[in-house]
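Below is one structure; the comments refer to it alone.
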Amino acid sequence: MGEGDGVGTVHTRMNNVRSVLRGAVSDRHMSSDPSQGVALPRRRRAEAAMTIPTIEQVGRLLRAADGPFAAYVALCAFGGLHLGEAAAVQVGDVEFLTRALHVQRQVQRENGAASRSEHRSTAASGRCSWPRRWSPF
């Protein structure tokens, strides 16, 4: 199973493997099922699933947010940034003429209290652009 396989894919594949193994045990080709007791990843409960806010909901949130926090909310909502990535954005990361943002670092909590900014590897760094209609500039 691949590293990026979803929980449902893992369960489906494991069910197929287990049915083959049970058949082999039943036909006496194996003495026991080696998959018995293997813990599978938990499925997410429907009520715990993330819901994506509508454009109207994001708009209301932006209007209610104070100055710099509105920019933070916009980075998360429209740029798809995680909270730590948005918190680490610096002016030099923004290309205003091309409306592009280079995501190069993130803020992480250390020992539950102090925050630090950590540079991301080149492979993990990203670039996002935003359409003119989303831009308040």
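Cβ-Cβ distances below 7 Å connect no pair with a first residue in the range 24-46 that is under 19 Å from T12 (Cβ atoms) and modelled with pLDDT of 90 or more, a second residue that is of a type in the set (A, V, I, L, M, F, W, C) and part of a loop (DSSP other than H, G, I, E, B), and a separation of six or more residues or different chains. Scanning the range 86-107 for residues that are part of a loop (DSSP other than H, G, I, E, B), under 18 Å from the mean Cα position of the chain (by Cα) and over 16 Å from P68 (Cα atoms) gives a single hit, Q104. Restricting attention to the range 51-83 and to residues that are part of a loop (DSSP other than H, G, I, E, B) and small (G, A, S), the residue that is surrounded by the most Cβ atoms within 10 Å (Cβ to Cβ) turns out to be A65.
Pick from the range 34-50 the residues that are among the charged types (D, E, K, R) and more than 30 Å from G23 (Cβ to Cβ): which of them is surrounded by the fewest Cβ atoms within 10 Å (Cβ to Cβ)? Ranking the qualifying residues of the range 34-50, first place goes to E47. Among residues of the range 82-108 that are closer than 21 Å to I52 by Cβ, those with a beta-carbon under 8 Å from a residue that is part of a strand (DSSP E or B) and of a type in the set (D, E, K, R) at least six positions away or on a different chain give the pairs E85/R105; L101/E95; L101/R127; V103/R127.
So, in the range 6-46, exactly how many residues are in a helix (DSSP H, G or I) and either assigned by TED's automatic domain parsing to the domain that holds A77 or not charged (D, E, K, R) (or both)?
18
The values are calculated or read from the model by the stated rules, or taken from the named source; none is laboratory data. The shown structure was predicted, so the numbers you read here are calculated from the model rather than taken from an experiment. Note that we place each Cβ from the backbone using ideal geometry, even for glycine, and neighbour counts take in every protein chain shown.
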